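The values are calculated or read from the model by the stated rules, or taken from the named source; none is laboratory data. Predicted, not measured: the structure shown is a model, and the values here were computed from it. Glycine also receives a Cβ, built like all others from the backbone with ideal geometry; neighbour counts cover every protein chain displayed.
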Amino acid sequence: MSYASDSDKEFIAQAMPAFISEAAEQIEAIETLLLELEEQPDNRDLLDSLFRCAHTVKGSAGIFGLNRVVEFTHHVETLLDKMRDGDIALNPDISTLLLQCNDQIKFLVDSAADESADTPEQKDTRADLVVQLRALTEGQAPTPVASAAAAAQSVAAGSVGPRIWHISARFGLETFRNGMDPLSIARYLSGMGRVVSVHSGVDTVPALVNLNPESCYLSFSMELESASTREDIEGAFSFVLDDCQFDVVAPETADQKLARAIEEMPETPRLGAMLVSVGAVSQDKLDQVLSTQQQTRGMPAVGKPKLGDLLEAQAGVAPEVVAAAVAKQQKLRENAPSEERYIRVQADRLDAVINLLGELVIAGAGATLLARATHHGSLIEANLQMNGLIEEIRNGTLGLRMVPVGETFSRFRRVVRDTAASLGKEVNFEIVGGDAELDKSMVEKIADPLMHLVRNSLDHGLETPQERLAAGKSRAGHLTLSARHETGAILIRIDDDGRGINRERVLQRAWNRGLVEQGVVPSDNDINMLIFEPGFSTAEQVTNLSGRGVGMDVVRRNIEALRGSIRLNSHPGVGLQVDIRLPLTLAIIDGFLVGVGASKFVLPLESVVEVIEAAHQHTRVDASGRHVLELRGAILPVVRLRTLYSIESSLPDRVSVVVVNSPRGKFGIEVEVLLGQHQTVIKPMGRLFKSLRGISGSSILGSGEVALILDVVSLGDLVTVEAIAASAPASASAQLA
């Protein structure tokens, strides 16, 4: 017995992390569903999904003996069940209460392994929430028309008059010694109704020579006609629970037989066809009911009668039969879409596979070089086939880490809701492009910077309703979080219609802090970017959300650590647009390998538009000091890597210009050698080189050489109109734009 107990404890300890992980997913789903239900209060599918999530958490917690989770979640489940039955309608107060309860469920799950974390304050908070939940579930009067599910529960509870119950009981040998009399229980049962029949069991009675008069060998079965509930009948055995095995079964009524037939149906028909097939309603009667329902089209969803209610009222179908059909439909709806299978894999194991894949790519490139050196046709062909398979493996493996950013974006619904309420602001929050995919590791690292930027927009950007009305705007502010793929990267944009950045205040604060020399006025973009300086803040007072000058510099540092960039586009009085560009992955990319002198560089293949051949004399220097080239009647700015990085080499007569796309437009990169497409394994740069402009990483080639990965976005900054506006004449700026 002790061994079994130890085994159980060991099993629970091993399985607990999996439970916590799955429960966290369900808790996150509860929050998302609640916020969606606020916008669509009549969506029954959302409500059913919400109930299932809470029920799953409660059931899983029960398996692990987490009684605190079970007891608290039970009250939440009861309220959700009332909402499903139509007894209670969702309103903002109930939604807030359920969100607070979900926070408590999360706390209880997170502290499952350490009950000491459950402080008296947490217990008081939980007790207060339970009081509010019980006040709603016990103090709310039911609606006049009960739903099919409620009716089915009523029938199951035995509240519809006398019924014949089948009762069987088998008593243990110690019953007499423990002072219990089975006959008194039988007499008590007979007092609850009319005993139709009773039979004693003799299969356990031993031969007379072996019979012990102090031992109990009695068992009986009884048919009892009674209006009592199952709980009342089972209560008769409450004093002999340890010495008796008993079962209480109600015989099937005609309606129950129909309900069971519906449950056992292998087909997946509609609700009406389901009832016709088991004989619960005729086809003519069903057609009449459907005709009545057709007349209600166009009515509001709240007052529109459901088919099940019409079948009960007009066709006389029993509520429990309708409830069984509805439950069958719901079960089929839940099981139908999900033929997909999933398997959980630890992130560390997947990272290890991707690291090995990177080494395989490098080794494959080295093998290809050796094969080409041998000029052996079959060997070269075999290497090409192997590299093709490696590329397929690469694409499939990297796809395992790609997840929709919408999963991260949905967390901000709660942040926006609670923050706006605490600030006394009204905000319409919108998510666009949530299906855009990004590397899982990057999604996790970008969540905190996005959280800070969203809160910053709510606190500093959006005005109060009174301020917005005075400025001629709508009472509620608009905040949009969007994502889309753009030239081999993902663009995440936070857009609000608030007050924008007050550049005069930012510049004055920068002068006061010595960030900018007194009297010097930088460009608008440079002034905007001052808010990312360490310790910078324009808040007049410190609040729970901002004012201490901590966070924005960390935001930029975290984004740049992911080889990303951040831009601000502010229109005072109109709004602020924050653009974050991130590479799709941190592991392996398709690159275009080029050479300048003895140095090798890699360009992300998605950003390459075309390659043109040019002589040095074809490029000229414009008024701002940039190298430019005429391409099909337009001026194309050109970056010379030889000049930018002071690379020594014998200059060839003709060079190539790789035309690339950047957020600021097209520009060219002058190179000397084109080495073609190359699978590029991204390696991090050393701390000494992290500040090197225009370089985002490095890669190891098959030959063992190191190639630097060019950052197209930062290189593009060198040739943007904004970068030369201060020094270029107005005409030149207009010509190059």
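Observations, loosely collected:
- Looking only at residues of the range 390-433 that are in a helix (DSSP H, G or I) and in contact with a Ser or Thr (Cβ under 8 Å, 6 or more places away or on another chain), we find that the one that is farthest from Leu35 (Cα to Cα) is Leu398.
- Residue within the range 555-572 that is in contact with a His (Cβ under 6 Å, 6 or more places away or on another chain), within 30 Å of Glu467 (Cβ to Cβ), crowded, with 18+ Cβ neighbours inside 10 Å and touching a residue at least 40 places away in the same chain (Cβ under 8 Å) present: yes
- So Leu47, is it modelled with pLDDT of 80 or more, under 17 Å from Lys106 (Cβ atoms) and assigned to a helix (DSSP H, G or I): no
- Of all residues in the range 94-119, those satisfying the criterion of being part of a loop (DSSP other than H, G, I, E, B) and among the hydrophobic types (A, V, I, L, M, F, W, C) are Ala112, Ala113.
- Scanning the range 97-124 for residues that are modelled with pLDDT under 85 and in contact with a Ser or Thr (Cβ under 7 Å, 6 or more places away or on another chain) returns Ala117, Asp118.
Listed here are the residues, each with its yes/no results for (1) of a type in the set (A, V, I, L, M, F, W, C); (2) at pLDDT 85 or above; (3) not in a loop (DSSP other than H, G, I, E, B).
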| site | (1), (2), (3) |
| --- | --- |
| Val638 | yes, yes, yes |
| Leu651 | yes, no, no |
| Val658 | yes, yes, yes |
| Ile669 | yes, yes, yes |
| Leu688 | yes, no, yes |
| Ser696 | no, no, yes |
| Gly716 | no, no, yes |
| Val719 | yes, no, no |
| Glu722 | no, no, yes |
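- Of all residues making up the range 429-446, the number that are buried (at least 17 other Cβ atoms within 10 Å of the Cβ), of a type in the set (Gly, Ala, Ser), free of Cβ contacts under 8 Å to residues at least 60 places away in the same chain and at negative phi: 1
- Some residue of the range 71-85 being surrounded by fewer than 19 Cβ atoms within 10 Å (Cβ to Cβ), without any contact (Cβ under 8 Å) to a residue 24 or more places away in the chain and assigned to a helix (DSSP H, G or I): yes
- Residue among Arg372, Arg349, Arg413 that is of a type in the set (Lys, Arg), touching a strand residue (DSSP E or B) at 6+ places or on another chain (Cβ under 9 Å) and either farther than 27 Å from Asn102 by Cα or at pLDDT 85 or above (or both): Arg413
- Residue in the range 249-257 that is among the aliphatic types (A, V, I, L, M), modelled with pLDDT of 80 or more and not in a helix (DSSP H, G or I) present: no
- Subset of the range 455-478 (residues that are outside any helix (DSSP H, G or I) and within 22 Å of Val506 (Cα to Cα)): Leu462, Glu463, Thr464, Ala471
- Answer from Ser474, Ser457, Ser482 - the residue that is without any contact (Cβ under 8 Å) to a residue 40 or more places away in the chain and either more than 23 Å from Leu350 (Cβ to Cβ) or aromatic (Phe, Trp, Tyr) (or both): Ser474
Residues are listed down the side, and each one gets a yes or a no for (1) modelled with pLDDT of 85 or more; (2) surrounded by 15 or more Cβ atoms within 10 Å (Cβ to Cβ); (3) more than 30 Å from Leu479 (Cα to Cα); (4) touching a strand residue (DSSP E or B) at 6+ places or on another chain (Cβ under 9 Å):
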residue: Val594; (1), (2), (3), (4): yes, yes, yes, yes
residue: Ala598; (1), (2), (3), (4): yes, no, yes, no
residue: Leu605; (1), (2), (3), (4): yes, yes, yes, yes
residue: Asp622; (1), (2), (3), (4): no, yes, yes, yes
